[in-house]
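The values are calculated or read from the model by the stated rules, or taken from the named source; none is laboratory data. Only a predicted model underlies this, so the values are computations on that prediction, with no experimental measurement involved. Here the Cβ positions follow ideal geometry from the backbone for every residue, glycine too, while neighbour counts run over all protein chains shown.
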Amino acid sequence: MKLAGSLSVLFVALHAHSAHADDRDDKRECVAESDSGQRLRDSGKLLEAQRAFVACAAESCPAIVRTDCGAWLSAVVPRIPSLVISLRDSTGQDIPPAKLWIDGKIVTDGAAGNALQLDPGPHTLRIQHASDLLEERVTLADGEQGRLVRFVIPVDRPTSLTSKPPDTRAWALAGSSLVALGVAVGLGLSARADRTDLSRTCGQRCSDAQLAPVRQKLLIGDIALGVSALSAGGAIWFWLTAAPGPVASAQASMTLPTFVTASGNF
């Protein structure tokens, strides 16, 4: 019985000593937070000072320390500046940023228009939206609240299809195409008429000398038709390359007339 009683007394004593030591450690930590908060406040690091004053104003700290830290906390909170980030396109529409960095550190709660608390002084803001990366430098004053920082992303507008006057070579080739086309049509009609006349006079008994002019007209007509097609293609190429911007961005179409050439066994 005596041994059991002695052990109980020893346990209580050790527990009391441990609790007393923990209490002394808590008090020392409270004082340390109090001192740290004052140093941080005086150096302009208000956010860290706020966290230190919250710690030393806890119920576990001595009353005198708790009272001082509570007063310092009440004084430092209104001094902490804040800003709000606005991201819009050039038409005024709000758009959410993909990423936001402040002083090189990525921030997640400022993308939705929330107020961000920062220490007084200069800060670098960087926003990324799609492939656009924007940067802004701001200096916040002590106690400045709700500073609005605007970022504007330009909107791509469609390229105008208005072209400058076509190259003179386009006009020249277009004219050549029309002339050659007229020659081809004229020779084709003339060859048809000559062939009709020969059919009435000699039919299948026409000599090579009689048929030679008809064949020559058809040959020259075919050559003229080829020249007309090549000239038209060149004119179209010069016309398209005279327009500003990529040719692929504009849709152009042109329908060429279809001509039927005369053919026969001559």
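Collect the residues in segment 215-266 that are farther than 16 Å from VAL183 by Cβ, part of a helix (DSSP H, G or I) and modelled with pLDDT of 50 or more, keeping them in residue-number order. ARG215, GLY233, GLY234, ALA235, ILE236, TRP237, PHE238, TRP239, LEU240, THR241 - these are the residues of segment 215-266 that are farther than 16 Å from VAL183 by Cβ, part of a helix (DSSP H, G or I) and modelled with pLDDT of 50 or more. Of all the numbered requirements in (1) in contact with a His (Cβ under 7 Å, 6 or more places away or on another chain); (2) surrounded by fewer than 16 Cβ atoms within 10 Å (Cβ to Cβ); (3) farther than 22 Å from GLN50 by Cα; (4) of a type outside the set (Phe, Trp, Tyr), LEU87 misses one, and that requirement is (2).
Note on segment 32-137: enclosed strands (runs of 3 or more DSSP E) holding 3 or more residues that are in contact with a strand residue (DSSP E or B) (Cβ under 7 Å, 6 or more places away or on another chain) are 82-89, 99-102, 121-129.
Residues that are farther than 30 Å from ASP222 by Cα, surrounded by 14 or more Cβ atoms within 10 Å (Cβ to Cβ), modelled with pLDDT of 80 or more and in contact with a strand residue (DSSP E or B) (Cβ under 9 Å, 6 or more places away or on another chain) are absent from segment 154-161 altogether.
When LEU140, LEU148 are checked against the criterion of being within 30 Å of GLY37 (Cα to Cα), exposed (fewer than 11 other Cβ atoms within 10 Å of the Cβ) and not basic (Lys, Arg), a single residue qualifies: LEU148. Considering SER190, SER207, SER199, the condition of being of a type outside the set (D, E, K, R) and surrounded by fewer than 12 Cβ atoms within 10 Å (Cβ to Cβ) is satisfied by SER207 alone. Taken as a whole, the structure places SER74 among residues that are surrounded by fewer than 19 Cβ atoms within 10 Å (Cβ to Cβ) and among the small types (Gly, Ala, Ser).
Whether a residue is under 22 Å from GLN145 (Cβ atoms) and either free of Cβ contacts under 8 Å to residues at least 40 places away in the same chain or in contact with a Leu (Cβ under 9 Å, 6 or more places away or on another chain) (or both) was assessed, and VAL107 passes this test.
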